[in-house]
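Shown next, in structure tokens, is the structure this report addresses.
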């Protein structure tokens, strides 16, 4: 038997032989910033533990199938022309019952925790003492508001650790999907409908998020970050955000930039408290307190900011922001002003 | 614990009467019933006793809606098929063919009539007005529950009839018939499960035996009807499918037989017997 | 056997009812429609209007499909085709209604369900 | 139907013989199949190139090989092409078309011209999808194959690309529904004598179930596309969040089609595997009834799981839990199939051919895809994985590892039958191994990328995300996979040029198609075979059926003097002309050039009329090739019409559901109270009475009473016209009450629903008028009563739809929502 087995072509084993080292290699990679396997909230943890459970059950079933397959193809069968005729077995009630009831039982094992988690993550009302955040998705950037406070920010969400966060999701245009892998699953952002999700983040840090529902040209450029702060950090951040914008000292480049901003078409789309009231683009009141611009695809430094103002559509296809043709010293002044808006 | 052993007089009388009729029927025909049939009958009686006794006591007496729905399930989907299986054709034939009964039964065993009879009774009996009234008065509840068994017998007849005089449907028809039964089942279960408030005043007063709120109890009862009754019917039509497949495999029309006749012949299950 | 004879044979197998049956069915249809309109206008029937109208129109549906479309007389194959399609159509209609009305806006029954499913929560 | 015996040519020329023009007007199911196959192979190359473009773009972070706009077009067309133009035409158009009649022992499909029409409409739809290429403001569609509203609205995607996509899919849908109707009727009514349902080859079973799925799953898509069309062209708001509408409606309609669609692609693949494995294991299929039943169960359950594509949309916990459970349930019948295939191999005497390699590869790869599918049924896990590369991995394991492996296996298995030449086994095995390596290398790492948060449909990604290595690995593997397909094309060409001549039965196979020469003659079977067990051909060769029943052979050579006359239906140019008219018409709509619409319309109309009168028997194309009737003795046209009515029922149910949902959300506008009950009661009465006249006309025809036949038919037409007049009056007066088409949600749904019903009445009136003309031409005798019955069935169906509409729309006008 063994000799015959060795002679045979291991046709069915190939995918496995390929998959196994891949799995091993895959698990050894460095921790990517949007890893779903490194949960950092209670919600992401529930999902993760369910995922691990289902993965083991899946591997168990796959193991049974592969063992049965290998036995069937390499051990308990003959090659044509080896003499013995094929068996004529075509039915076996007990076997068939077994592979109906067996999977049913395994599915029951999966279904129970699944349903419990569904109901846990979709409560009919916000949990007590939760921080309420409103997320408004735009083509292609994120707006975050904190109801009850004047805070409006873009592409960077700050939340405290160990406190429930109740997120309300609205869309300004098409369907988007709010996803921070480390903090939990996706929730679609749908025009004409307010969706909710909640979680309790448990580790301070910076987590990446991204729009997960195809929303047009720059879908890939609709990224954002969530900063989970300690309560003290969060309170400080809140305080800074509630403050009015910085007034640049007279005579500085920033002051020149402020004048340019106030007289430019920028004011039609962007809000800087006390200066302009535009609602199409992100609120710039505390622009300099953010680490990224342009839907999280660029760093918030003078070089990138300048490049962005010069050519928004080139950097982010389909963006609504037009190139205004500002250049030279004027542009530098404007960038200096924007950079001062801590 | 005590309720589990509680047997109402009504249940005892019903079981005793049925048992007597069964024994008498066998005696009069002078034929042996066979072990399988006797066991079937035994199970039917056990189910009946449980349903009309403890289930009724807990479901209605102790205001446990879920158990009341389990009782309905037992009375419509468990007891009648067992009774039909337990009863041989020779026991039924004399009285089913008797002059006054025959036309009535001929009508009732028509699949469409049977379907409507069962559906209307089942839907009607779960109407809040009627169910509440039945919970309040035993004199109303006992007839309704007995009617459930009758409706169950009528409903299962086209699928399981042992009498060639009132023949069962062909297998494909049976599948369709049982499949369509899912509709009344869902029509009752969905509104109960999804209702805004507690529908049945009888079930409003607390306390509940398990500490559930009336609303939770109602949702559970609705879900039971939706899922368990539904799965039960699905298992039934799956089983019919396999019997059909066996029959089709087994049939051996001779090669010389005229083509059309050969294919038209969808014999009733009893063509084999 | 010629084609004509084949067709002829077919009609011998499925005997269709005569004109008198058709007219009787039509009379029933008219009466049912009249009843429907009555239900619509009689205020006293308002609380039970929906079930009454549904039953009446289902009756009309069954009459036309059964007699005029001959499902009562033809092979089970045709009834099965139509029946299966109707079940799918009904599933679709009811589930869309549920999804858009009950399920997406009102979560009242989620509360008891959540309590049952999460005893410790 | 024993007409007098006709001389049968001594040699039967292969169906492939004939001049090139004869391919344009052919209605031979095998040739139509080959046409489907060739076009699908072309689109497969196109879709493959699109896939490679995607992989090149994702090779490194911040790549600029393709712009965002082009990338979006490429991935949209990759999905659309592979599903609608490759897998479905290969499985249904090619494989089912070629094999089903051969496997059930028939000479053609039930409606051969309809079959040719399906192909030409398919081709025009496929061309239509790509037409935007030629317009400056066009471009290819770029909203994803799923085309989620409201991104597809004109406001967010201007230009013509989505118009081409919308109408292109409508055209393809028409073609697919025709195909489904055809196969359903063929299998129900044309099986060889003795071939009961439980003796059909499993592939035929799978096509039967698939046809039912098609008939009942495409209507919701059609409705969804019609709504999109109205939004884009007429300014309605079906998917815009104004006036209470919601883009989620599109998702429901789309996935109501979309999930059954997955099984429309998977079930025929299951069927193919169930043919290949028994042949090369030299064993009967294990657990045949269970295999058949699991097909049915999968089909039925597939209507209850569409919501699992929408867990992230916030349907609420109850809906989520319900869809989760139904989705998990599907795993049970699927598991049954996997284990039964393995049990079929168990104890067999295996013949390791390329086809068998692919079938065995299928088992393992498909299992992996199925298991990751279970993860998506578990809602919380799905919320992390949906719209990430994990899902891309999952469905490629199902659609490539499953369906495509089956197609490749089937390709190697049936190629000799189709072309009469053998393929190179050596090259085939090289292709198999390259495919396995390339496929797993491309798609397995996507599981990692997905769990590491790489979203789908992104044209680029940042460099710090940790996704670079596996993306590069995948791109390299994708090229290996592409090379494997190149080998397949080489193998094909070599075989066609100088491949070994194939015998009738090269694999020692089990089913009837192997009992006739390769390639088969035009009429398939000289004598229609008679079947008395499963695996009919095997039983004939080896004396016993798989159940020990002695099978009686009769096919192959004509028994003495008993040969049946073989009349094959005449070829027809109308299908190709009709499809061209449809193409022009659609093009005219998109470019808004009414002359083109008119021209297309005229061609369309003339070719329909021409088709109706093409046969002297007028639309009553008698099937002399009809082997036997399994449809309970019903005529195949009647079975076909009922299947069509079933499909239409779902169509109207979708419209009614939309009406009822949107009615309760409608804001502003005059509302439902403006509907007039007296007027519509009169209409109802008229329509009911027209049904009475219709059955009386049928009764008169069956009696052979020409006078009354004409009277009643004319009466029916008249009543139909009165109904339409009433409706025109009603619409006008509603308009004067301020209820325009786009006034509010209620009005747009009302006019759409009632308008579509009115359109059906109109079609009925036209149909009956034609019958009336024929009757006056004295060509509607007793023997053609069926023509009247068919028109009647349609007419009564329109009537019962009205019964439902009258109740739900008019009489329940006071009911506010559900």
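What follows draws every value from the coordinates through simple rules; no lab data is involved. None of the values given here were measured: they were computed from a predicted structure. Positions of Cβ are backbone-derived with ideal geometry, glycine not excepted, and every protein chain shown enters the neighbour counts.
Per residue of chain D, the DSSP helices (runs of n ≥ 4 H) give a summed -39500 (n - 2.57) that works out to -21500 deg cm²/dmol at 222 nm.
Extension gain for residue D:778-residue D:472 works out to 102.8 nm (0.36 nm per residue, less the C-alpha to C-alpha distance). With both labels modelled 7 Å from their Cα along Cα-to-Cβ, the residue D:676 to residue B:182 distance reads 4.4 nm.
Using R₀ = 22 Å, calculate the FRET efficiency as 1/(1 + (r/R₀)^6) where r is the Cβ-Cβ separation of residue D:667 and residue D:155; round to 0.05. Step by step, r from the Cβ atoms, then E = 0.65. Largest first and in whole Å, the equivalent-ellipsoid semi-axes of the range D:46-185 read 34, 18, 11, each the square root of five times a Cα gyration tensor eigenvalue. Estimated at 0.36 nm per residue, the fully extended path between residue A:130 and residue A:263 surpasses their Cα-Cα distance by 43.8 nm.
As a calculated quantity, the FRET efficiency between residue A:301 and residue A:55 at R0 = 35 Å, using C-beta atoms, amounts to about 0.25. Of all beta bridges that DSSP places with both ends in the protein assembly as shown, some 70 percent have antiparallel geometry.
Helix B:111-125 and the longest principal axis of the C-alpha atoms of chain B enclose an angle of approximately 0°.
Rounded if a/c is under 1.5, else prolate if a/b beats b/c, else oblate: with a ≥ b ≥ c from the C-alpha gyration tensor eigenvalues square-rooted, which is the range B:84-196? In terms of gyration-tensor shape, oblate. What do you get for the angle between helix A:231-242 and the principal long axis of chain A? Use alpha-carbon atoms, 0 to 90 degrees, nearest ten. The helix A:231-242 is inclined about 40 degrees to chain A.
With both labels modelled 7 Å from their Cα along Cα-to-Cβ, the residue B:16 to residue D:430 distance reads 9.0 nm. Rounded if a/c is under 1.5, else prolate if a/b is larger than b/c, else oblate: which is the protein assembly as shown, with a ≥ b ≥ c the root eigenvalues of its Cα gyration tensor? Here the protein assembly as shown falls in the rounded category.
The angle between the Cα long axis of helix B:138-160 and the longest principal axis of the Cα atoms of chain B comes to about 20 degrees, rounded to the nearest 10.
Mean-square fluctuations from a GNM of chain A, with a 10 angstrom spring cutoff on Cα atoms, peak among A:250, A:182, A:258 at A:250. Model label sites at residue D:134 and residue D:721, defined 7 Å from Cα along the beta-carbon direction, differ in position by 4.1 nm.
Any chance you could run the full-extension gain for residue D:769 through residue D:60? It's 0.36 nm times the residue separation minus the Cα-Cα distance, nm to one decimal.
The residue D:769-residue D:60 span can extend by a further 248.7 nm.
Checking the a/c ratio against 1.5 first, then a/b against b/c, what shape does the Cα gyration tensor give for chain D? Taking the square roots of the gyration eigenvalues as a ≥ b ≥ c, chain D is oblate.
Note on the range B:2-245: the alpha carbon radius of gyration divided by the globular reference 2.2 N^0.38 Å gives 1.04.
Can you work out the FRET efficiency for the pair residue B:95 and residue D:42, with r the C-beta to C-beta distance and R0 = 56 Å, to the nearest 0.05? For residue B:95 and residue D:42, the calculated efficiency is 0.15.
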